[in-house]
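Structure record follows, encoded as structure tokens.
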Amino acid sequence: MAGLEGVMQTPEEVAVMRQLLERGWSQRRIARELGISRHTVSRYLALGTWQPYDSSSRASQLDGHQAWLQQQFEQHHGNAEVVRQELLKHKGIEVSLRTVERAVQTWRQALRQSRQATVRYETRPGQQLQADFGELWVLIGGVRTKVHLCVLTLGYSRRQVVRVFRQQRQRHWLQALEEAFRFWDGVPEQVLIDNAKALVTLHNPATGELVINPVFAAFARHWGFIPKACWPHRPQTKGKDERGVGYVKRSGLAGHRFDTWGQMEGHLDWWNREIADLRIHGTTGERPLERFLRAEAAALLALNGGPSYLAEQEFSRRVAKDCCVQVEGNWYSVPAALVRQSVTVQIRDQQVLIRQGGRIVARHCRQDANQRSRQVIAGHWAGLVPQRVIDAAQADNGALAAVVELDAVRRSSLARPLSDYAAVVAEVG
């Protein structure tokens with residue numbers, strides 16, 4: 001095995017060299033045994049004792065580039081491999097990764113210490129809202145269900161709004177934020193988010209370039225706040241809400257099981273009102289509700305009855321077999337001929353407009369979200385069920401699902417006599 005040249009040995013290894021030499025071992029045998037160069041053995045034995053290796057006089061390819069190296073090291077957040085690539089690209093200097101790591105060692109230690117030390121950043125009343133999503137598995141109706149948990153926390157008072165969704169999409173972010181604004185009856189100056197793809201198109205740590213998703217940017221302009229994104233891989237900048245998500249998981253949901261999704265939402269509303277709002281916060285030493293009412297409520301930008309941004313939405317839906325599309329947890333009818341086809345839903349001025357091919361095929365009054373209500377225009381079911389069945393079904397949403405066979409529209413005729421459907425409605429009613 002070839003010996004390693006220029007490797008600094010420890011005092012213990014030097015002592016072993018001297019002991020083996022005293023036992024009559026040759027320098028070559030000692031080098032082979034220790035896996036080092038014979039010249040290294042000779043040098044240490046000539047010195048007679050261990051001495052630290054002095055590399056101060058060694059010429060280095062990196063000499064004269066210290067300021068540039070430090071700037072690159074900081075720009076690329078301590079990534080020595082990227083610094084090595086930049087050396088080759090911009091300076092034409094080809095060195096090993098280990099060479100760069102030795103050169104940036106002092107700066108790396110300082111960077112590590114700065115990451116470990118987090119300075120608490122307190123915000124003035126009304127300045128900032130921090131928003132974040134988390135995930136949790138909850139037993140709902142005996143089924144283990146993934147719940148997407150949105151927690152919105154005011155930076156000064158630590159008052160929270162909690163919303164749960166089955167998915168984490170852009171409209172869920174916007175819905176949760178808008179509901180929080182209405183709950184607090186005001187809007188903060190800034191909304192600090194993570195780098196969710198639904199909200200941030202680009203956030204380049206190297207250049208500091210931040211591009212907010214156009215829809216989220218329009219939402220921010222509508223409500224008058226400034227969108228901000230925390231530094232990638234730097235959760236400390238959004239610590240209040242990161243901790244808030246954990247608090248909701250541990251205190252609000254952990255160990256609970258619910259019969260329905262609505263029951264879970266009701267429980268969280270109660271918990272937020274009776275527990276979270278009234279606890280003594282560990283950092284502020286005050287109850288979030290009291291701190292909010294005392295200093296933050298008046299500092300928020302007033303809503304003044306402003307219209308909802310979400311009243312100007314447009315998205316696609318597929319018509320279900322009962323001639324309806326689901327919008328915000330409610331059902332709205334369309335003509336039976338459109339079953340299984342895609343339509344465009346527009347929500348404008350508290351109306352639900354349903355279009356296909358550029359023309360409006362249905363117009364409904366918008367209902368409050370998640371009411372599980374069902375609106376049916378009589379003409380949409382013309383020839384399928386009697387008007388009295390429709391009237392009865394409108395009075396009882398559960399009856400509506402009972403009287404429409406799933407395959408009836410697809411076959412363009414009912415599989416059973418209309419009298420049977422009327423009987424079902426009578427029983428449900």
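The values are calculated or read from the model by the stated rules, or taken from the named source; none is laboratory data. Keep in mind that what you see is a predicted model, and the values were worked out from it rather than measured. Cβ atoms come from the backbone with ideal geometry, glycine included; neighbour counts cover every protein chain shown.
A quick yes/no check of all residues on (1) among the charged types (D, E, K, R); (2) over 21 Å from LYS249 (Cβ atoms):
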residue: LEU154; (1), (2): no, no
residue: GLN160; (1), (2): no, no
residue: HIS172; (1), (2): no, no
residue: GLN175; (1), (2): no, no
residue: ALA180; (1), (2): no, no
residue: GLU189; (1), (2): yes, yes
residue: GLU209; (1), (2): yes, yes
residue: VAL215; (1), (2): no, yes
Candidates ALA415, ALA393, ALA337, ALA426 - the one that is of a type in the set (Gly, Ala, Ser), exposed (fewer than 14 other Cβ atoms within 10 Å of the Cβ), farther than 28 Å from GLN167 by Cβ and at pLDDT 50 or above: ALA337
I'd like to verify a number: residues in region 248-277 that are over 18 Å from GLU179 (Cβ atoms) and part of a helix (DSSP H, G or I), how many? 7
Please pick out the residue among ARG98, ARG28, ARG43 that is at pLDDT 85 or above, in a helix (DSSP H, G or I), surrounded by fewer than 15 Cβ atoms within 10 Å (Cβ to Cβ) and not aromatic (Phe, Trp, Tyr). ARG28
Do any strands (runs of 3 or more DSSP E) lying entirely in region 146-222 carry at least 1 residues that are touching a residue at least 60 places away in the same chain (Cβ under 8 Å) and either under 30 Å from ARG294 (Cα atoms) or in contact with a strand residue (DSSP E or B) (Cβ under 9 Å, 6 or more places away or on another chain) (or both), and which ones are they? 160-165, 190-193
Every residue in region 157-186 that is buried (at least 22 other Cβ atoms within 10 Å of the Cβ) and over 22 Å from GLY266 (Cα atoms), please. SER157
Quick one: which of SER373, SER342 is on the phi < 0 side of the Ramachandran plot, loosely packed, with under 13 Cβ neighbours inside 10 Å and polar (S, T, N, Q)? SER342
For region 233-254, check the following and say yes or no: at least one residue is modelled with pLDDT of 90 or more, of a type in the set (D, E, K, R) and over 14 Å from GLN160 (Cβ atoms). no
Is it the case that region 352-369 has a residue that's touching a Cys at 6+ places or on another chain (Cβ under 8 Å) and in a loop (DSSP other than H, G, I, E, B)? no
